[in-house]
Amino acid sequence: MTEKSRVGVIRDINGPIVTIELPGARSGELVKIGELGLFGEVIILRGSRALVQTYESTDGLRPGEPARGLGWPLSVELGPGLLGGIFDGVQRPLERIAAQSGDYIRRGISIAALDRAREWDFTPNPDLELGAPISAGLVLGTVPETPTITHRILVPPGVEGELEEIAPAGAYDIESVIARVRDRRGVSHRLRLYHRWPVRHARPYARRDDGVVPLITGQRVIDTFFPQIKGGKGAVPGPFGAGKTVVQQQIARWSNADIVVYVGCGERGNELVDVLETFPQLDDPYSGRKLMERTLLVANTSNMPVVAREASVYVGLSMAEYYRDMGYDVVMLADSTSRWAEALREVSGRLGQMPVEEGYPAYLASRLAAVYERAGRVETFGAGSGSVTLIGAVSPPGGDFSEPVTSHTKEIIETFWALSKELADARHYPSIDWVTSFSGHVKTAAEWWHKEIDPDWLKRRTDALALLARDAELSRIVNLVGPEALSDAQRWELEGAALIKEAVLQQSALDPVDTFCSPAKQYALLDLAITLYKRGAALIELGVPVTELQDLPLLARLRRLKSLYSSEQIEQIRAFRHDIDQAMEAIRIEYTKQNALDTQ
Amino acid sequence: MSIKEYRAAIEARGGLLVVKQIPNVAFGDRVRIEDHAGRIRNGQVIRTSDEEVLILVFEGTEDLDLENTWVRFLDEPVVIALSPEILGREFNGLGEPRDGRPPLLSNLRRPVGGSALNPAARTYPREFIQTGISTIDGLNSLVRGQKLPIFSGSGLPHNRLAAQIVRQARLKDEDSGFSVVFAAMGVSYADARFFREEFASSGVLRNVVMFINLADDPPVERLTLPRTALTAAEYLAFDLDRHVLVVMTDMTYYAEALREVATAKGDVPARKGYPGYLYSDLAEIYERCGRIHERHGSITMMPVVSMPSDDITHPIPDLTGYITEGQIVLSRELHNQGIYPPVHISPSLSRLMKDGIGKDDTREDHPRVASQIYSLYARAQETRNLASIIGADELSERDRRYLHFADAFDQRFVGQGETEDRSIEATLELAWELMSLFPRDMLSRMKESDLAKYYKEGD
């Protein structure tokens, strides 16, 4: 990074793609272009010419203006002060940019991601002695970044040697040297509270592990039906208006991760503002602190330059991996990976590369796979195990799941929450379709649920899904010949499925009681719905007409339970079982009496 | 760079002009072109190198010859002059007067391209706008700073609806209306006249600035028109502190013009021949609306998108829907039944509704009423389908109730007069009247307290 910068000259400007004459340029090198100093990245080399994708609008740029090669690739700053912040696609701090350049983002503005003026309370790792062997990922000390998150200051990857010096406890700004390490050749490295990392490279770790615990999101259809695990990768595809963003935001709000990285990639500005305005007010249900203290936003809204959109996903991933390396469970949400893919397409189109499907370049599938592979649960070098869970929203054109981005994503991920237009139109939210969605982690999740909540979890889940499958089948018949063609038992099955849908699957993000649902409450509701159905089915077998059961007020009451009692009021929810017992028993007695009379 | 004229055109095709070897021309700059007959055309640099400069000619390249075409680089981007006097005026896509009056004199000139609004400077939109239309106010509420398009089809009354909204839109408990920026791209003469007369007769004309490109005007000009109009809107909202309502019609013609130019440039097509950057391009336009911290004004946007062959999955409505904060969808079926405005509520949506309604903004039961109506209507639609197969007589009593509800809903709630300005209270009352066709127990999305207060017991 100390390498002297070289100066070249602009030759051609074609939208965001600028050709510069810069001998010795390296692929991936960062350049500053023109009098304005716009940032860009070298993507193709041709002789002494380099093709650069610029992260800012090139309006007003002229051939002949200078271009400077900076000698290093696109990198992020990693250190205390990231949490609670909002950054653009190349990690510029948007709040400080607003303070400096006003409401609109001035081009060529260059502000470092981390605040130089702020001081942090550093406590050195008490286990470290001078002369101790040092390697990447070792914890040098800690800084309380927020009241809940202890920031572990790590030895950056690539540094190895023995400890020459470590700073005593005290307040330091991020540029202060807090340790010196002498490497094998006798060269001394100065380590600070932060380091840089090239975003296109995955950060190293000691070992990759399998995920073992589910990520609890407080959303019934996710946790109970299509669970995700910590370190897993998933996708949320859906046409517009199906509720992708709400699903993503609910996960950001309620999941039991330590850190949430939310990448708004080519989406609406107002949605990010929603997060920015509401998260500082919302409480984290696990720590009781404000949600913003564990959240980090990367924003490249749809009107911001398209090339920075491509970078934003890598910028977000690098920061997520950095917290993972401290031993934290991180969830990264990317909304939307389709916009990321379109940025790839736009650049490849400008470069005249051969398109394969719908204009996308041939490397779409491999790039997508490489992005998702950066998720996972790992054993870090020095901070125990940590994980990155990556959940990408997909915006298929016309809601067609067979399009390239959705279909390639589907090959890579393990959890697929397919949003349905039909459900959304009926305001059934979250509109996760139980027929097309899947989770590869049901077995792992079952172990956890059986141990923590109830040994019958898997059985109940299977019962519910079976009932929903029957519902789909019977609905087809009803649509052809009407409900009168069904037997009472079949009509009760439809009623049971409706109960599952309304009492369990539907969950309102806007209802303060229902927006978060603890695993215990999730199970209690599911158990009640199945129990009610089964008790009813038994009565119908005895000959009780279905209409008698359909009119029970019990059904409407069960539908309201979720918003009547919070996750803390499990006992009140469980008590509903007695009501079921009573009502069903009354019908049974009544009916046997009736029967006895009839037969006399 | 001195402003010189060059006669160096080497190629002209589909709205594009190539000139050779003019050094140091800035990307995006404005160009003046004089043809053999002495007519002046306007253009913009869309690719530049020392060897070749590619120019987009707004008036098109028809009738140009390479020998006698003089090109002048103006050394500035495409700009528009701004002053409070723009209100009441009519311009073309380049900000030149169309109303026969002299051009605007002002030192304030802004590039029409705009720049990206910093998300950290935005304020979340949350002030309910009463449009007086039940399907919008009650079920898909609009808030100040939102972009809510009308998805329509040819022959449907989207223009009448847009005009009615312009006439009626106001904040609850506030009398002051909006300043209106009206951007017409590729519309017919009759449509333009309809709006002009509509604005004049409702007395809003002096609060309206119009940017008009008719169907027989050069299509390339449609590419700058929304940008010019939005630069004016930004000026009115954020310099003059006004609340601005931008009506743009018809975004489909804009996108078609974009495709025309992209094809001429040889851009790689993505879907249906539209370029891969259609999304980013539309977003540059739509995202210019919103609210900003510590600024009084706001930009609310209602673009009209006509869906080719009524297909909502067509790239233009599809990509629009991914950018805008919801959509109001018009239905040919309702229109054919004589229902106005024919708003099809099932696919309609307002994403920003949640924070603009409820206890402090409209009424405490509003969010649940909307949710309940949607749920009942969805079920009613299923019942309608069923009835069309097995006949209404075969339906259970329960199902017949749904059918009755659906008909009453379409006629009374969706349908309203073109001059009927319903208050939000009237809309909610009507909703309760319709919901009360069902027994209390079936309204599972309502709270007990709502039912106690608003449910209308039958006779």
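The values are calculated or read from the model by the stated rules, or taken from the named source; none is laboratory data. For clarity, every value in this text was computed on a predicted model and none was experimentally measured. All Cβ positions, glycine included, derive from the backbone under ideal geometry; neighbour counts span all protein chains shown.
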Margin query: Being among the β-branched types (Val, Ile, Thr) and within 28 Å of A:GLU56 (Cα to Cα) is the filter here; which residues of the stretch B:1-47 pass it?
Written below: B:ILE3, B:VAL18, B:VAL19, B:ILE22, B:VAL25, B:VAL31, B:VAL45, B:ILE46
Notebook entry, point to check: From the list B:ILE389, B:ILE373, which residue is of a type outside the set (S, T, N, Q) and buried (at least 19 other Cβ atoms within 10 Å of the Cβ)?
Noted result: B:ILE373
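Tell me, which helices (runs of 4 or more DSSP H) wholly within the stretch A:478-590 include 3 or more residues that are closer than 30 Å to B:LYS354 by Cβ and more than 14 Å from chain B (Cβ to nearest Cβ)? Show your work before the answer.
Details: elements: A:488-499, A:519-542, A:546-550, A:553-564, A:570-574.
Where helices (runs of 4 or more DSSP H) fall fully within the stretch A:478-590 and carry at least 3 residues being closer than 30 Å to B:LYS354 by Cβ and more than 14 Å from chain B (Cβ to nearest Cβ), they are A:519-542, A:570-574.
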Next item on the list: Could you list all residues from the stretch A:47-72 that are of a type in the set (Phe, Trp, Tyr) and part of a loop (DSSP other than H, G, I, E, B)?
Entry: A:TYR55
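In the stretch A:162-186, which residues are in a loop (DSSP other than H, G, I, E, B) and without any contact (Cβ under 8 Å) to a residue 24 or more places away in the chain? Quick ask: steps written out before the conclusion?
Filtering the stretch A:162-186 for residues in a loop (DSSP other than H, G, I, E, B) gives A:167-169, A:174-176, A:183-186.
Residues satisfying the conditions are A:SER176, A:ARG185, A:GLY186.
Take the conditions in a loop (DSSP other than H, G, I, E, B), among the hydrophobic types (A, V, I, L, M, F, W, C) and away from chain B (no Cβ under 14 Å) and apply them to A:ALA320. Does it pass? Please lay out each step first, then the result.
Working: in a loop (DSSP other than H, G, I, E, B): no; among the hydrophobic types (A, V, I, L, M, F, W, C): yes; away from chain B (no Cβ under 14 Å): yes.
So A:ALA320 does not fit the description; no.
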Check: Scanning the stretch A:420-433 for residues that are away from every other protein chain (no Cβ under 13 Å) and touching a residue at least 60 places away in the same chain (Cβ under 8 Å), which turns out nearest to B:SER348 (Cα to Cα)?
Finding: A:PRO430
Check: Can you tell which of B:GLU429, B:GLU425, B:GLU448, B:GLU418 is within 11 Å of chain A (Cβ to nearest Cβ) and either among the acidic types (Asp, Glu) or crowded, with 20+ Cβ neighbours inside 10 Å (or both)?
Finding: B:GLU448
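Which members of the stretch B:413-457 meet the condition of being of a type in the set (D, E, K, R), within 14 Å of B:ALA370 (Cα to Cα) and in a helix (DSSP H, G or I)? First the steps, then the outcome.
Within the stretch B:413-457, the subset of a type in the set (D, E, K, R) is B:418, B:420-422, B:425, B:429, B:433, B:440-441, B:445, B:447-448, B:450, B:453, B:456-457.
With within 14 Å of B:ALA370 (Cα to Cα) added as a condition, the list becomes B:425, B:429, B:433, B:445, B:447, B:450.
Of everything in the stretch B:413-457, those that are of a type in the set (D, E, K, R), within 14 Å of B:ALA370 (Cα to Cα) and in a helix (DSSP H, G or I) turn out to be B:GLU425, B:GLU429, B:GLU433, B:ASP450.
Within the stretch B:290-311, which residues are surrounded by 21 or more Cβ atoms within 10 Å (Cβ to Cβ) and facing chain A (nearest Cβ under 10 Å)? Before the answer, list the steps.
Residues of the stretch B:290-311 that are surrounded by 21 or more Cβ atoms within 10 Å (Cβ to Cβ), as a first pass: B:290-292, B:297-307.
B:GLY290, B:ARG291, B:ILE292 - these are the residues of the stretch B:290-311 that are surrounded by 21 or more Cβ atoms within 10 Å (Cβ to Cβ) and facing chain A (nearest Cβ under 10 Å).
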Next item on the list: From the list A:ALA446, A:ALA497, A:ALA466, pick out the single residue that is closer than 21 Å to A:GLY234 by Cα and of a type in the set (Gly, Ala, Ser).
Entry: A:ALA446
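Just give me the residues in the stretch B:1-30 being assigned to a strand (DSSP E or B), of a type in the set (D, E, K, R) and in contact with a Ser or Thr (Cβ under 8 Å, 6 or more places away or on another chain), in sequence order. Break it down stepwise before answering.
Of all residues in the stretch B:1-30, those assigned to a strand (DSSP E or B) come to B:5-6, B:9-13, B:16-20, B:29-30.
Subsequent filtering for residues that are of a type in the set (D, E, K, R) retains B:5, B:11, B:13, B:20, B:29-30.
Listed by number, the list holds a single entry, B:ARG13.
Condition check ((1) within 14 Å of chain B (Cβ to nearest Cβ); (2) within 20 Å of A:VAL199 (Cα to Cα)) across all residues:
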residue	(1), (2)
A:ALA311	no, yes
A:TYR314	no, yes
A:MET326	no, yes
A:LEU344	yes, yes
A:ARG350	yes, no
A:PRO355	yes, no
A:LEU364	yes, yes
A:LEU368	no, yes
Notebook entry, point to check: From the residues in the stretch B:31-57 that are within 30 Å of A:ILE20 (Cβ to Cβ) and not in a strand (DSSP E or B), which one is nearest to the other protein chains (Cβ to nearest Cβ)?
Noted result: B:ASP50
Item checked: Subset of the stretch A:379-419 [farther than 16 Å from A:THR337 by Cβ and away from every other protein chain (no Cβ under 14 Å)] -> A:GLU379, A:THR380, A:PHE381, A:GLY382, A:ALA383, A:GLY384, A:SER385, A:GLY386, A:SER387
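Name the single residue that is nearest to B:TYR277 (Cα to Cα) among those in the stretch A:289-341 being basic (Lys, Arg), crowded, with 24+ Cβ neighbours inside 10 Å and over 15 Å from the mean Cα position of the chain (by Cα).
Restricting attention to the stretch A:289-341, the residues satisfying the condition of being basic (Lys, Arg) are A:289-290, A:294, A:309, A:324, A:339.
With crowded, with 24+ Cβ neighbours inside 10 Å added as a condition, the list becomes A:294, A:309, A:324, A:339.
Applying the additional criterion that residues be over 15 Å from the mean Cα position of the chain (by Cα) yields A:309, A:339.
Values: A:ARG309: 13, A:ARG339: 10 Å.
Among them, the one singled out is A:ARG339.
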Next item on the list: Go through (1) more than 10 Å from chain B (Cβ to nearest Cβ); (2) assigned to a loop (DSSP other than H, G, I, E, B); (3) surrounded by 18 or more Cβ atoms within 10 Å (Cβ to Cβ); (4) at pLDDT below 95 one by one and return the number of the condition A:GLU129 breaks.
Entry: (3)
